[in-house]
Amino acid sequence: MNGLLVKGGAVLEMAHHVKTVVFDKTGTLTTGRAVVGKRIEYMSQITESDANSSIGRLISCLPSTVDRSDMALWFACCAELRSEHPLGHAIVNSGRELWGHDILKPVRKGQSGIANETELSILDFQVVPGRGVECTLVGMQERSCTVRVGNRAWARGIEEDANGLL
């Protein structure tokens with residue numbers, strides 16, 4: 001599983017001019033793979049007054065084994081399940097540490113899953129180069145939702161024109 005992530009062919013073509021390489025001491029250099037080192041769950045700060053909002057409805061659709069404090073990570077894991085990006089793999093691996101191998105049937109370590117919970121599935125997965133991934137998560141109490149993981153503007157739904165301007 002060793003590899004090198006190169007951004008664009010032009011960078012690789014210019015590599016023959018390199019005389020010296022200097023590395024910083026990051027997790028990807030020392031372990032050979034990206035990992036989630038720290039996360040802050042802003043979604044867990046939602047108050048009870050938000051219960052009737054669309055976010056409140058999302059909370060009510062979470063599998064029983066996913067804590068509200070882990071909601072953003074769980075949705076990100078669902079979106080990144082089919083991703084080939086190294087950071088997507090890091091997100092999914094972080095979720096698997098909490099819920100086991102099958103993110104769509106999460107089981108909290110030390111607990112058993114709820115047998116009657118609706119099976120979840122992912123539809124319409126797509127990679128948007130330079131922006132992120134998007135999918136539709138279906139089977140949450142007869143509901144579905146679109147999940148985006150990527151750069152901030154795109155994840156919020158702000159589209160850029162061809163020149164990169166808003």
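Potential lengthening of the chain between residue 14 and residue 131 amounts to 39.6 nm, from the contour at 0.36 nm per residue minus the alpha-carbon distance. The packing ranking, built from the mean of other Cβ atoms within 10 Å per residue, places the peptides 14-20, 72-78, 85-91 in the order 72-78, 85-91, 14-20, highest first.
With a Förster radius of 30 Å applied to the C-beta separation of residue 7 and residue 96, the computed FRET efficiency comes to 0.65. Between residue 33 and residue 105, the distance separating the two model label sites (each 7 Å from Cα on the Cα→Cβ line) works out to 2.2 nm.
No value in this document is a laboratory result; all are computed from the given coordinates. Keep in mind that this is a model prediction, so the values were computed, not measured. As a convention, Cβ positions derive from the backbone with ideal geometry for all residues, glycine included, and neighbour counts pool all protein chains shown.
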